[in-house]
Amino acid sequence: MITSAFAAPISVPFDSDSWEFTADSEYSLEDFTDTKGVTYPAIKMVKALGFVKDADFTHGTIEFDVLFSLEASSSKRDEQGLVWRAQDQQNYELMHFRDYEFGTPYGLHYMPVNDSAHPLQFYYGPGHNPTSIEKPLGEWIHVKAVVSGTEGEIFVGDMENPALFINDMKQGVNTGTVGIFGGYNIPEAVRIPTYAANFSYESMDTPPTLVRGDAVQEVAYVNDPNMVTEWMVSDVFSAKELDDRLALTANDQQARTWDKLSTDNIGVAFFSKIRLLDRANRINDTAFARVTIQSNSAQTKKLMFGFSDSAKVYLNGQLLFSGDDAFRSRDYRFIGTVGFFDNLYLPLKAGNNELWFAVSDTLAGWGVRAKFADMEGITVIATDEPNSFDTTTEDDLRQNTCLTSYNAGVLTIPCISFPVVNNTGETEVNIYSIDLIQDDPAFLFGVDLDSIVPR
């Protein structure tokens with residue numbers, strides 16, 4: 001390890017034995033000339049992930065030259081980038097380019113990687129993407145990453161002004177190796193080669209000074225006091241165990257083991273930090289994340305949340321919500337971006353309330369984030385053992401299981417209550433099922449009178 005803060009960069013040629021590539025990497029070595037006539041001894045990557053052996057890197061710089069094919073388009077594409085502080089082949093910090101997204105913020109992206117999962121749905125926008133990046137295809141472009149504590153900067157072509165400022169590296173400050181990444185997220189049918197040359201790094205024992213400047217962007221929700229900051233996360237199981245079930249039971253509680261997971265500073269609980277998935281077979285693809293909400297009275301609280309990729313939400317054992325935000329689950333442009341986009345109004349009872357998310361993974365990021373509209377009258381804690389579900393009252397049960405659904409122009413409300421005064425002057429509540437039929441042009445609903453039936 002280089003101990004001087006002013007040590008010279010170490011050059012690591014791609015034809016040296018200093019590199020270790022993953023077993024499934026596809027690459028070759030060749031001299032490559034760009035459209036301006038500049039030739040470098042290069043690595044041609046179709047799909048590659050390589051690490052420098054024995055590079056102890058905490059702070060410092062990493063540099064290389066990158067070239068993207070003139071063929072790059074939405075139908076022919078590749079990705080390439082740099083890796084640092086790698087603990088092993090599955091866990092590291094990553095910045096990478098998407099040649100098919102040049103001209104948009106997504107042309108350059110920083111994200112943490114755990115268990116080989118690339119959580120692009122959680123980590124996007126300021127601190128992860130620039131406002132935009134436009135770089136030529138077919139030409140060598142010099143790139144430098146500066147790593148300084150939990151912050152960093154990415155320079156692309158212009159070595160004076162950073163293209164991206166990283167405000168918070170999600171893996172924290174640790175020591176690991178450095179490396180190169182190319183093509184791993186691209187389907188084989190549309191993947192094209194990309195090229196790199198002149199790789200070097202400089203390891204420093206003190207964090208280098210950053211330029212900051214115009215690349216710094218404000219990041220939303222940092223340390224928001226209303227966010228859930230700790231979850232208890234279960235062991236992994238199959239999502240099929242929850243098919244067609246409106247309620248959890250004591251067996252669901254007893255069958256699971258739990259570990260505490262703290263969120264990052266924007267409230268993301270990234271399950272891959274503590275749970276491993278068999279991504280080849282995907283038999284067990286789901287985990288619970290739970291908290292206890294201690295409420296000082298019976299009240300309704302607004303919860304804002306997001307998840308990747310699909311989720312079911314239970315309060316005191318009763319299903320309140322089910323959703324699927326998987327990559328391209330809605331159309332070809334949908335990537336499943338996670339924010340606080342979904343809302344639930346939680347009917348809390350006085351005392352302890354169990355809030356459980358069952359979150360399933362299909363691609364890339366796996367986890368949840370949540371925040372309350374306000375914390376008045378509630379405390380949210382992650383307890384080692386869950387409270388039992390058997391404290392709900394009959395009214396709670398009726399309210400929580402009367403769910404609405406919408407399909408093919410019909411809004412079905414299984415439970416709707418009407419107060420009725422009986423012959424003795426006492427007020428009773430009659431419960432009915434009702435279908436509402438959508439009036440298409442105005443998105444209004446009319447009552448299907450024949451559907452109103454007592455329950």
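Before I look further, what does the stretch 11-82 give for accessible area per residue, probe 1.4 Å, in whole square angstrom? Write out the running numbers ahead of the final one.
Values: 3300 Å² over 72 residues.
Spelled out: the 1.4 Å probe surface of the stretch 11-82, per residue, equals 46 Å².
Could you order peptides 85-94, 251-260 by the average number of other Cβ atoms within 10 Å of their residues, highest first?
Values: 85-94: 18.8, 251-260: 13.8.
Answer by packing, highest mean first, reads 85-94, 251-260.
How much of the accessible area of the stretch 95-137, in percent, comes from carbon and sulfur atoms when a 1.4 Å probe is used?
Carbon and sulfur atoms account for 53 percent of the accessible area of the stretch 95-137.
So which GluC sites (Glu not before Pro) in the stretch 111-176 are both in a DSSP loop and have at most 12 other Cβ atoms within 10 Å of their Cβ? Walk me through the numbers before you get to the answer.
Working: sites: E134, E139, E151, E153, E160; in loops: E134, E139, E160.
Passing sites in the stretch 111-176 are E134, E160.
List the relative contact order of the stretch 238-363 as a percent without decimals, with contacts defined as Cα pairs under 8 Å and 6+ residues apart.
Working: 200 pairs, mean separation 42.3, N = 126.
Computed value for the stretch 238-363: 34 percent relative contact order.
For a test of the definition: using alpha carbon positions, the gyration tensor, and the 1.5 limit on a/c, classify the stretch 244-301 as rounded, prolate or oblate.
On the way: a/c = 2.32, a/b = 1.32, b/c = 1.76.
The shape class here is oblate.
Trypsin sites (Lys or Arg not before Pro), restricted to the stretch 262-319: which are DSSP loop and have at most 16 other Cβ atoms within 10 Å?
Numbers: sites: K273, R275, R279, R282, R290, K301, K302, K312; in loops: R275, R279, R282.
Within the stretch 262-319, the qualifying trypsin sites (Lys or Arg not before Pro) (loop, at most 16 other Cβ atoms within 10 Å) are R279, R282.
Which percent of the accessible area of the stretch 213-305 is formed by carbon and sulfur heavy atoms (probe 1.4 angstrom)? Walk me through the intermediate numbers first.
On the way: 2070 of 4570 Å².
Looking at the stretch 213-305 in its full context, I get 45 percent from C and S.
Give the accessible surface of the stretch 120-204 per residue, rounded to a whole number of Å², with probe radius 1.4 Å and ligands, DNA and RNA excluded. Please list the in-between numbers first.
Numbers: 2620 Å² over 85 residues.
About 31 Å² of surface per residue is accessible.
May I ask you to list the trypsin sites (Lys or Arg not before Pro) in the stretch 135-218 that are in a DSSP loop and have at most 15 other Cβ atoms within 10 Å of their Cβ?
R212
The values are calculated or read from the model by the stated rules, or taken from the named source; none is laboratory data. All values reported here derive from a predicted model rather than from experimental measurement. Don't worry about glycine lacking a Cβ; one is built from the backbone with ideal geometry, like all the others, and counts go over all protein chains shown. These accessible areas exclude ligands, DNA and RNA; they are computed on the full protein's heavy atoms, side chains included. Shrake-Rupley method; radii C 1.70, N 1.55, O 1.52, S 1.80 Å.
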